[in-house]
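**Q** Sharing a structure here in C-alpha cells format.
Coordinate-derived values only; no laboratory data. Since the structure is predicted, the reported quantities are computational estimates derived from the model, not experimental observations. Ideal geometry is used to build each Cβ from the backbone, glycine not excepted, and the neighbour counts take in all protein chains shown.
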There are 2 protein chains.
Amino acid sequence: MAGVKEIARRANVSIATVDRVIHNRTGVSEKTKSRINKIIDDLNYQPNLIARTLASRKVFDFAVLIPHVSDESDYWRAPLLGIEKAAAELQQFRINIHPFLFDQNEKESFIKQVEMVLKLRPDGVLVAPYFIDETVALANHCDATNTPYVFINSDIPDLPSTCYIGPDIYQSGYLCGELIDYIAPDPSKILVVNVSKEIKAPRYNRLLRKEEGLRSYFKQAGKAHPIVKTDIRNTTDEGIRKSLSKMFKDHPDIRSVFVSNSRVGSVARFLEESGRGDIFLLGFDFLEDNIAYLKKGIIDFLICNRPLEQGYRGIMSLYRDVVVHSPVDSQNLMPIDIVTRQNCNYYQI
Amino acid sequence: MAGVKEIARRANVSIATVDRVIHNRTGVSEKTKSRINKIIDDLNYQPNLIARTLASRKVFDFAVLIPHVSDESDYWRAPLLGIEKAAAELQQFRINIHPFLFDQNEKESFIKQVEMVLKLRPDGVLVAPYFIDETVALANHCDATNTPYVFINSDIPDLPSTCYIGPDIYQSGYLCGELIDYIAPDPSKILVVNVSKEIKAPRYNRLLRKEEGLRSYFKQAGKAHPIVKTDIRNTTDEGIRKSLSKMFKDHPDIRSVFVSNSRVGSVARFLEESGRGDIFLLGFDFLEDNIAYLKKGIIDFLICNRPLEQGYRGIMSLYRDVVVHSPVDSQNLMPIDIVTRQNCNYYQI
DNA sequence: GCTTTTGTCGGTAACGTACCCGAAAAATAT
DNA sequence: ATATTTTTCGGGTACGTTACCGACAAAAGC
C-alpha cells in the first residue's frame, strides 16, 4: 500500500505538497498538481484512515433530531439505542453525537430544537422529518452551509438529502393489503385507523402513505373489499374507544382492522374489551404493548422495520459521507418484517 | 482522554515502562507494576485503538473454513458475502481474511483444508462445523495454541469456542411446528423430509435438531398430529422424486411437509409436478430456487436467518476478541425470520 | 578483586497523515 | 536596477502508541 511518501518521491516533491493537492488546497501550481494527481490515479492511492484520524485534530459533531421517548412515542427508544451504539463505536474516531429531542406533537418544540442544531453548526444532521415545512427550512440551511443531512423513518424525496434510512412506507401499506387479502378474502369489510394529533399533508404523511399503499393493493388486485376509515385526533385510549365504538356501530360487518402506526396496541385493547378479539388486526412496530396483544392473539400481525438498525445506519451513513468520503446510497430501504405470535420471541429490533 | 503519557507522568516512570505493564511483558518490578496498574484503573484508561493500529506492525490473519458455493450449497454464497464485507471494512486495520472452502459432502476435503489452516497459523478461525470429530480436532489445536475460534451456522456447545453465530436451530424447528399447527390444525398428517448425504450424529446434526424441535412443539402443545419422516441420502432431484413418491403412496393423507434444510425447492418441484401444490410446505433459506416456488405458492413459508449478517458478525466477533480485546457474547443467536410470498420482495439476507 | 548475568528502566524511531511556519522562487511594483 | 508582493514549495512537528536498543544498577559467578 503506497502512501503520500511514495507519491512525493515519484513526483519529486515534498509530502506537504502532495498533501496540498490531496485536500485540494491552494499553493500548488497547475503543472505539479496535475503531475501529482496522475501519480495518485496510477497508484490508486487510498488514504490510510487510521493515520488520518490520528493526525487530524478535527472533531466531528453530528446532530440527531428525533422525537423524545414517551408512552406515545415509545417507538423512538430503539432508534436512539442504535444511534448510541454507533456513537460508542465512533467515539474513537473523534465523532460526537448530539441528540436534540422534540415532542412529535408540538411543532414549536421542533422549531426550538432546530435552532439549537443550527447554533451547534454540526458536520452532519440526522433528522426524522415530522414537520415538513420546518424540516425543509432546516434542509435549506444545511444545503447553504454544505452540511449533509440524512432522513430517518420517513422521507422527503425532492430534497437533496444525503440519504433516506427507513422502510418504503407505501410498500409496507401495500404488504398489509396483501396480508389482509390472504387472511380475510373478498369481500370482507376493512377498517383503516389513523391515530395521530396531526393528520394532513397527504404527500408526506406516513399514515396516509400507508393507507394509499393498502388501497392500491386492492385496486391492483381487482378486489372489492369495502374500506371504511376513521382519523382519530384524540389519541388517548378514551378517544380511541369512543371513535371505534361509533365505527363498529355504523359498520358491524368489519372483519379486518388496519392501524397505520404503532398505536395498534390501543386498538387491540378496545377490541379485547368489547369482545371483538376474533377480528383480524394488524399494525406497526415491535413495542411492548403491541407484543403483549400479539401474544394474546388479539393482534395478528405486526409490521416492523428494525428501528435500532435504522438509527445505527443513519449515523454510519453520515460518518461514511463526512469522514470517509465514500459514496452512500441515497436510499437505504429497510426490510419489511412480518412479526407474528410464532416468531416474535426471536425478533431483533 | 488520558493516554500512556499521562500515566507515565503520574507514575513518575517512562512511557516505555507503562507500555510494558499494559502488555504485561517482563521487565517491570512488582512494585512499580502495581503502582502503574492502579493509575490505569483510576484514570479508566482506554487505549487509543487508532494509534495502536497505526503503530503496531502486527498483521492479523483470520482463517475462514466454510463450504464452497455450489448448486447444492448455494446457501453459503451469502455468508461469504458478509465475510467479504467485513474483510473490506477491516482491511485498513491490517486484517487479512483467508477463506478455506471445503466440500460439505467430502470429509476428506475438510480435513485437507484444516491442515492448510493450521499451516497458516492464523490469529483466529471462523468455522462451520459440518464434520464434528474433525472440527473438535481443529478446536483442540486452537485451544493448545490459544487461537480463538468462532462457530458459524451450527454449534458444538461443549467446546470452549469464542462464540457461536447462528440461529437457535432447535427453536427454529419448534417455530415450524407452531406454524404448521397454525395453518393445518390437528390432526393432519405431517411429513418430515431430511435431504442430506450424511445423516447421523443426532446430537449435533442440524437437520435432526430441527426435527427434534418440531416434534417437541407438538408434544408440548399436546397435539396429536401424526408425523412420518423420510431421510433422503440420494440428494439429486431424481432421488428426491423417488423417495417422495413412495411416501405419498404409503401416506396419501399427508397435509403438511417440513423440509429441514434449503432443499425445500426440490421438494416443491416434486409437489408441483405431481399436482400436490395445495399441500402446506415449509423449509429453509432464502435461495433463488426456493423464492421462485414461494412466489408460485408451492412453498408457503421460508425460515431464514440472515446468512450474510452471520458471516459479517462472525468476522467482527473475531476482530473484537483478537484485536480490540473487548468481550464478545458467547452466543449470537440470529433472529428467525418468516419469509412469505408477501414480504419476500423486501427481505434482506 | 574482577567479569558476567539479570532485573529495571528510559530514550526514541517508527506508523501515515495533517498542517504550521518559513524560505525560495517568481511575478509585480517602484 | 531594487523593493515588494505573491506564488510555490519543503522542513519539521504532532497525533498516541509500539517496540527496539541500550543504560545502569544490583546480584551472581569466577
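**Q** Of all alpha-carbon pairs in the range A:1-97, indicate the percentage at a distance above 15 angstrom.
**A** 70
**Q** Could you go through the range B:28-44 in sequence order and give the Karplus-derived ³J(HN,Hα) for each residue, using 6.51 cos²θ - 1.76 cosθ + 1.60 with θ = phi - 60°, rounded to whole Hz, and x for Gly and Pro?
**A** Karplus values, whole Hz, x for Gly and Pro: 10, 5, 4, 4, 5, 4, 5, 4, 5, 4, 5, 4, 4, 5, 4, 6, 6.
**Q** How far, in nm to one decimal, is B:SER245 from itself in the other copies if the label point is set 7 angstrom along Cα toward Cβ? Shortest first, please.
**A** Values, ascending and in nm: 6.6.
**Q** How big is the Cα convex hull of the range A:267-349 in projection, averaged over all directions, in nm²?
**A** With every direction weighted equally, the projected area is 6.3 nm².
**Q** What GluC sites (Glu not before Pro) in the range A:62-137 are in a loop by DSSP, with at most 15 other Cβ atoms within 10 Å of the Cβ?
**A** Those that pass, being in a loop and sparsely packed, are A:GLU106.
**Q** For a quick check: sort A:CYS176, B:CYS304, A:CYS163 by the number of other beta carbons within 10 angstrom, fewest at the front.
**A** Ascending number of Cβ neighbours within 10 Å: A:CYS163, B:CYS304, A:CYS176.
**Q** If the label for A:ASP74 sits 7 angstrom from Cα along the Cα-to-Cβ line, what are its distances to the same label in every other copy, in nm to one decimal, shortest first?
**A** Values, ascending and in nm: 4.1.
**Q** So what's the gap between the Cα centers of the range B:202-256 and the range A:286-308, to the nearest angstrom?
**A** Measuring centre to centre over Cα atoms gives 32 Å.
**Q** Additional query: Counting only other chains, what is the mean number of Cβ atoms within 10 angstrom of the Cβ of each residue in peptide B:330-342?
**A** 4
**Q** Right, another one. For an R0 of 22 angstrom, estimate the FRET efficiency from the Cβ-Cβ distance between A:ASN234 and A:GLU272 and round to the nearest 0.05.
**A** The pair A:ASN234/A:GLU272 has a calculated efficiency of 0.65.
**Q** Over 18 Å between C-alpha atoms is what I'm after, so list which of B:LYS107/B:LYS200; B:LYS229/B:LYS295; A:LYS107/A:LYS200; B:LYS200/B:LYS242; A:LYS210/A:LYS296; B:LYS223/B:LYS246 land there.
**A** B:LYS229/B:LYS295; B:LYS200/B:LYS242; A:LYS210/A:LYS296; B:LYS223/B:LYS246
**Q** Counting only other chains, what is the mean number of Cβ atoms within 10 angstrom of the Cβ of each residue in peptide A:91-98?
**A** Other-chain Cβ atoms within 10 Å of each residue's Cβ, averaged: 2.
**Q** Tell me which residues come under 5 Å, amide H to amide H, from B:ILE227 once H is placed; ignore anything under 5 positions away on its chain.
**A** HN-HN under 5 Å from B:ILE227: B:ILE190.
**Q** List the residues, sorted by chain then number, that are 5 or more residues from B:ASN261 or on another chain and whose placed amide H is less than 5 Å from its amide H.
**A** Residues meeting the amide H criterion: B:VAL195, B:PHE284.
**Q** Measure off 7 Å from each Cα along the Cα-to-Cβ vector at A:LYS295 and A:HIS141, then give the distance between these two points in nanometres to one decimal.
**A** Taking the two extended label points, one gets 4.4 nm.
**Q** With 5 Å bins from zero, work out the P(r) of the range B:188-328 over every alpha carbon pair and list the percent per bin.
**A** Pairs per bin, as whole percents: 2, 9, 17, 19, 18, 13, 8, 5, 4, 3, 1, 0.
**Q** What is the Cα convex hull volume of the range A:57-186 when expressed per residue in Å³?
**A** Spelled out: Cα convex hull of the range A:57-186, divided by residues, is 135 Å³.
**Q** Could you run the Debye sum over the Cα atoms of the range A:165-268, one equal point scatterer each and no solvent, and tell me log10 of I(q)/I(0) at q = 0.11, 0.16 Å⁻¹, two decimals?
**A** For the range A:165-268, the Cα-only Debye profile gives -0.32, -0.68.
**Q** Which three semi-axes in whole Å describe the equivalent ellipsoid of chain A, each the square root of 5 times a Cα gyration tensor eigenvalue, listed largest first?
**A** Output for chain A: semi-axes of 49, 20, 18 Å.
**Q** Please report, in cubic angstrom per residue, the volume enclosed by the convex hull of the alpha-carbon atoms of the protein assembly as shown.
**A** Taking the convex hull of the Cα positions in the protein assembly as shown, it is 206 Å³ per residue.
**Q** Would you kindly work out, in nm and rounded to one decimal, the distances from the label point of B:LYS296 to those of the same position in each other copy, ordered shortest first, with label points 7 Å along Cα-to-Cβ?
**A** 4.3
**Q** Count charges around A:SER34 for me, please; just the other residues with Cβ under 15 Å from its Cβ, Lys/Arg as +1, Asp/Glu as -1.
**A** Within the 15 Å Cβ shell, the charges total +3.
**Q** Which order do A:ASP300, B:ASP74, B:ASP278 fall in if you start with the one that has the fewest other Cβ atoms within 10 Å?
**A** Lowest count first: B:ASP278, B:ASP74, A:ASP300.
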